[in-house]
Amino acid sequence: MDTIAAWIWNPMLSLIYIETGLLFLIATQGLSLRFPRNVLRKIWNVEEKGNANPRHISHGRAFSAALAASVGVGNLAGVGTAIHLGGPGAMFWLWVSAIVGGSFQMCSAYLAIRHGPGKTDSPLYATPMSYIVKFTGQSWPMTAPILAGLILFHGMVSANLIQANSVSRSLANQMGTSDFLVAALLFVTVAAAIIGGLKSIITISSFLAPWLVLLFVGSGLLVLFLNPRATLEAFQLIVTSAFHPYAIGGGIAGHTVMQAMQFGVSRGVFSHFSGMGTAPFLQSSNDDHPAVSAYLAALVPLVDSLMVCSITGLVVLVTGDWHQYTGAYLTATAFQTALGDTGRIVVFFCLVIFAYTTIISWAHFAERCFQYLGGRRVIVFRWLFAGVTFCGPFMPVNFIWSLADCVIGLMLLFHLLPMTYIVIKTLPELLNDLKNND
């Protein structure tokens, strides 16, 4: 599986991802980086009365829930792995992936609303399959079902197992908890959230995520403020290593530029999901203002990567432990080096909650794809999903990470290719609506 993942996520795929993102960014005139004031105000609009649609979510809750889905193990373990394997320059390319990825999210959320089925009880409602079926259903009839199958598999298996496995490893290192106990606790807590459906998931994730993000970012900023010179050196190292090989001991080239790009982009995409087709599941559930939903979808990868991932990466580089360790252990060690045991506890607590909110969010994504593919027994599916979560702590780490990399690469292929065609075809309408904030 490692060999297959390395073949799929070779430097060429990372380069194609960035080039496609730049195409979207230029074609949409950089709108994904410009946020009208009234759009940003919608983040605080938590409640919206007068809408009886059971799948309707306020803009504020949709943004918080989307952030909860994105901020997970990838922000802590993934960033540490990217730096360990790709060098400091991986952070630069992770930032680039988020900047261009915002345009993918914006277009995806917009298309799912503007060209969706209109009926909220349709299995296509608030899904990426809606616009793929409408524009490519006759010429490429299998694209939408394949994409749905990939999202279902990733949510059910790879994303689910990675988060659960990371929680288990973290609890074992911190408290010596057995894998079986962690598996049982995850099964109960995940089932309790997802059996209640979308509203339950949104309530839990939108409440937990913002506070935990503030805790993690605040702790990281404290480390950076206490080490101003090392922080500036870390920024310089990130930029220089992104374009020049980073030497390890005695002038030996330890990390090439292409390695930095490969691991930075791959771990960035795993963290913020841009281009995978997940934006509509939450952001397009509010179809009152398509432009507002689109702009907020574009904001999620920026907050996820330019804020949360940046904190992780900078603290890791400032403390200098990245040569020796990797993954979540590297992040925990870095915070402990800077803040003592308090730093390790913060990382442990944030990782557990981030992983939990990501699991329950992906349960919703997977369920919608299950329904699109003809699934009817939703309650059975939810229990089955929780059952897969139970298996996470017992799975081999390298296998499930490689499995996730393989599936993500295929998701990008089956989503970005048709979406590029659709955006080019609908570009005048898209630009008009977004510029007028329709």
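Just so you know, all these numbers are worked out from the coordinates, no wet-lab data involved. Computed from a predicted model, the values in this text were never measured in an experiment. With ideal geometry, Cβ positions are generated from the backbone for all residues, glycine too; neighbour counts draw on all protein chains shown.
Placing +1 at every Lys and Arg Cβ and -1 at every Asp and Glu Cβ, with all other atoms neutral, what dipole size does the chain have around its Cα centre, in debye to the nearest 20?
Taking the Cα centre of the chain as origin, the dipole is about 700 debye.
If you line up the long axis of helix 228-243 against the longest principal axis of the chain, both from Cα atoms, how many degrees apart are they, to the nearest 10?
Approximately 70 degrees, to the nearest 10.
Which residues' amide hydrogens lie under 5 Å from the amide hydrogen of residue 140, considering only partners 5 or more residues apart or on another chain, with H built in the peptide plane?
none
Please give the residues of the stretch 181-211, grouped as numeric ranges, whose backbone N is less than 17 Å from a label point set 7 Å along the Cα-to-Cβ vector of residue 376.
none
May I ask you to compute the full-extension gain from residue 4 to residue 229, defined as 0.36 nm times their residue separation minus their alpha-carbon distance, rounded to one decimal in nm?
76.9 nm
What ranking, highest mean first, results for peptides 318-327, 136-145, 408-417 when packing means the other Cβ atoms within 10 Å averaged over each residue?
408-417, 318-327, 136-145
Enumerate lysine pairs in the chain that are 8 or more residues apart or on different chains, then count those whose Cα atoms are under 20 Å apart.
8
Under the rule of at least 5 residues apart or a separate chain, name every residue whose amide H is placed under 5 Å from the amide H of residue 322.
HN-HN under 5 Å from residue 322: empty list.
Need one number for the chain: average projected area of the convex hull over its C-alpha atoms, nm².
Mean projected area of the Cα convex hull: 19.6 nm².
What FRET efficiency do you get for residue 417 and residue 397 if R0 is 30 Å and r is their Cβ-Cβ distance, rounded to the nearest 0.05?
0.45
How large is ³J(HN,Hα) for each residue in the stretch 402-419, as worked out from phi by the Karplus curve 6.51 cos²θ - 1.76 cosθ + 1.60 (θ = phi - 60°), to whole Hz, x for Gly and Pro?
So the Karplus estimates, Gly and Pro as x, are 5, 4, 4, 4, 4, 5, 4, x, 5, 4, 4, 4, 7, 10, 5, 4, x, 5 Hz.
Measuring from centroid to centroid over Cα atoms, what is the spacing of the stretch 1-35 and the stretch 161-224 in Å?
29
Within the stretch 354-370, what residues put their amide N at less than 12 Å from the label point 7 Å along the Cα-to-Cβ vector of residue 215?
354-355
Using only the alpha carbons of the stretch 281-438, determine the length spanned along each of the three principal axes and report them from longest to shortest in whole angstroms.
53, 41, 27
Grab the other residues whose beta carbon is less than 15 angstrom from that of residue 237, score K and R as +1, D and E as -1, and report the net.
Charge balance in the 15 Å sphere: -1.
So what is the relative contact order for the chain, in percent, with contacts set as C-alpha pairs under 8 Å and at least six apart?
RCO, the chain: 36 percent.
With θ set to phi - 60° and the Karplus curve 6.51 cos²θ - 1.76 cosθ + 1.60, what are the ³J(HN,Hα) couplings of the stretch 11-19 in order, to the nearest whole Hz, using x for Gly and Pro?
The phi angles translate into x, 5, 5, 4, 5, 4, 4, 5, 5 Hz.
Using the Karplus equation 6.51 cos²θ - 1.76 cosθ + 1.60 (θ = phi - 60°), what ³J(HN,Hα) coupling, rounded to whole Hz, does each residue of the stretch 211-220 give in order, writing x for Gly and Pro?
5, 6, 4, 4, 4, 5, 5, x, 5, x
Give the distance, in whole Å, between the Cα centre of the stretch 364-438 and the Cα centre of the stretch 306-328.
28
Just to confirm a number: summing +1 for Lys and Arg and -1 for Asp and Glu over residues other than residue 94 whose beta-carbon lies under 11 angstrom from that of residue 94, what do you get?
Combined, the nearby Lys, Arg, Asp and Glu give 0.
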